[in-house]
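Notes follow the structure.
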Amino acid sequence: MAVVAVTTVAARAGDVHSLTYKLKVGQEYVYEGSTQIGSGPDSVKATDRTTFWVTRLNDDGSWHLVACVKHTAAATRTATTADATGSAAAQAQDEDALGSFELFPDGRIAGASAYSQEERLGSLFIKLAADDAEAQGGWSTPDPSGATTSYRSTVESDAAAGRWVFEGRRAGGSDDGLIMDTLLRVEFDGARGVVTKFVEEDSFGAGLAGGASSMEELKSVRDKDSQWLDQLSRETVALDAARDFVQEEGAAVGNGACSPREALEKARKQLADARRKVKLGVVTDQFDAMIAQVEESSKMFGGGETAQTLLNKPAPDWMTSDLDGNQHALDEYKGRVLILDFWDKNCALCVLDIPQVMDIARHYAGKLVAVVGVNTDPNENDARLVMEALKVNYPMVRGAELAEKYKTCGCPMLVVIDAKGIVRGCFAGNSAVLREEAIKTVDGLFSSDD
């Protein structure tokens, strides 16, 4: 597949160094771009904006950065005879993340918080070649998802002028062969020591049509007031502490240590107290989003039985089919830990959680752990659209009846069932650290068997 052409940026003469980032403390960098998944009526289009601020230079030579990632997507599907309403449907899926990390001059990222969207940052801060010779000969580097990308300088590069153009390839490695290839193209300005443009194109395998493409481009660099940056650093720490508290309460619910109502009330109070102490809009926006999510969860657990009432009890039995008509049953997973992810396409939070569930599946590949998606959409084509777009690497079953049996009270919901068929964990709602909490629960099951 051909990669979208981009225009390289010439470096300033007399200020060229071999392949290192040269960020400056006190500066704000703004990238803007777009993403398209698929084509035609079943496409997903998005606009992206990434802003990062360089707040300090660390003793080890790295910079401390705070990044804000905004992703606004609209998935549009034309009406089909299978639509329940018979009309076109459109869905907005927005993502707004704020987090911090450390960046080394060679492009290594360290200390990335669970809220920093490290996967997206990996496109703007690729690990660079050690020197000009390695750039010409090619080098490989792992990305945050665990895949390895191979890069090589192109003939368009001019080391003397500080103008670099790299082409990369990430071979498909998903368990089901869904993604066939990923091609990348990166512009790097040697004088300013920064990526100026990044283009990525995915093509799908397994007989699936279409692909995905994305682009981000440096739009502006400007100085920020030092007092504003100091305040941003302090308020980001406060934001992370509040997030951690909410996640700990969610984990307590998942492990049966407290009820959803108790956890939500604690989270509501903690967020309200912390929100009153921050002033910057970029931080208050994050608090407001979390508070809104807690309020939505409160409605979800407003009454009746929930999945948490199943904790430490035998999992409800079930039999259903996957999207290809093959039969699946709970009994098939006896002797293995089973993770069920309940979701539907019209739930933006569900879709945001899927990449973490994919990470869980990769983490336990080859072990006695199975991950199964449970889709509750009435139209299976909705599930296929998301699976193809996100390159889902675990089986997907149809699960409207399962959702009733497991009292999910909505989606997203992750349920952990031990090897003897007992429910041991329930995680409701979207969480930035779902992967970590679910893995902690599963690993604890294996430890208890020792």
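The values are calculated or read from the model by the stated rules, or taken from the named source; none is laboratory data. Small disclaimer: the values here were computed from a predicted structure and weren't measured. Cβ sites come from the backbone with ideal geometry, for glycine too, and all protein chains shown count toward neighbours.
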Does at least one position in region 342-353 carry a residue that is surrounded by 22 or more Cβ atoms within 10 Å (Cβ to Cβ), under 18 Å from THR441 (Cα atoms) and at pLDDT 90 or above?
-> yes
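Output yes when any residue across region 356-364 is of a type in the set (S, T, N, Q) and in contact with a Gly (Cβ under 6 Å, 6 or more places away or on another chain), and no when none is. Outline the logic, then answer.
Kept after step one, since they are of a type in the set (S, T, N, Q), are these residues of region 356-364: 356.
When the remaining residues are screened for being in contact with a Gly (Cβ under 6 Å, 6 or more places away or on another chain), the result is none.
Looking through region 356-364, none of the residues is of a type in the set (S, T, N, Q) and in contact with a Gly (Cβ under 6 Å, 6 or more places away or on another chain).
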Does region 8-17 include one or more residues that are at pLDDT below 75, closer than 30 Å to ARG384 by Cβ and crowded, with 16+ Cβ neighbours inside 10 Å?
-> no
Could you grab me the full set of residues in region 85-114 that are at pLDDT 50 or above and not in a strand (DSSP E or B)?
-> PHE104, PRO105, ASP106, GLY107, ARG108, GLY111, ALA112, SER113, ALA114
Would you confirm whether any residue within region 62-71 is modelled with pLDDT of 75 or more and not in a strand (DSSP E or B)?
-> yes
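Of all residues being over 20 Å from LYS219 (Cβ atoms) and surrounded by 16 or more Cβ atoms within 10 Å (Cβ to Cβ) in region 26-55, which is modelled with the lowest pLDDT? Just the residue, please. Can you show your working first?
Of region 26-55, the ones over 20 Å from LYS219 (Cβ atoms) are 37-44, 55.
Filter again for surrounded by 16 or more Cβ atoms within 10 Å (Cβ to Cβ), leaving 37-38, 42-44, 55.
Working: ILE37: 72, GLY38: 67, ASP42: 55, SER43: 65, VAL44: 70, THR55: 96.
Looking at residues that are over 20 Å from LYS219 (Cβ atoms) and surrounded by 16 or more Cβ atoms within 10 Å (Cβ to Cβ), I get ASP42.
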Could you tell me whether ARG336 is basic (Lys, Arg) and closer than 23 Å to PHE245 by Cβ?
-> no
Identify the single condition in (1) within 27 Å of ARG243 (Cβ to Cβ); (2) at pLDDT below 65; (3) assigned to a loop (DSSP other than H, G, I, E, B); (4) in contact with a helix residue (DSSP H, G or I) (Cβ under 7 Å, 6 or more places away or on another chain) that ALA82 does not satisfy, given that it satisfies every other one.
-> (1)
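Only one of GLU201, GLU156, GLU187, GLU235 is part of a strand (DSSP E or B) and at pLDDT 90 or above; which? Outline the logic, then answer.
On the way: GLU201 fails: at pLDDT 90 or above; GLU156 fails: part of a strand (DSSP E or B); GLU235 fails: part of a strand (DSSP E or B).
None of the others qualify; the one that does is GLU187.
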Filter result for PRO144 (outside any strand (DSSP E or B) and modelled with pLDDT of 80 or more) = no
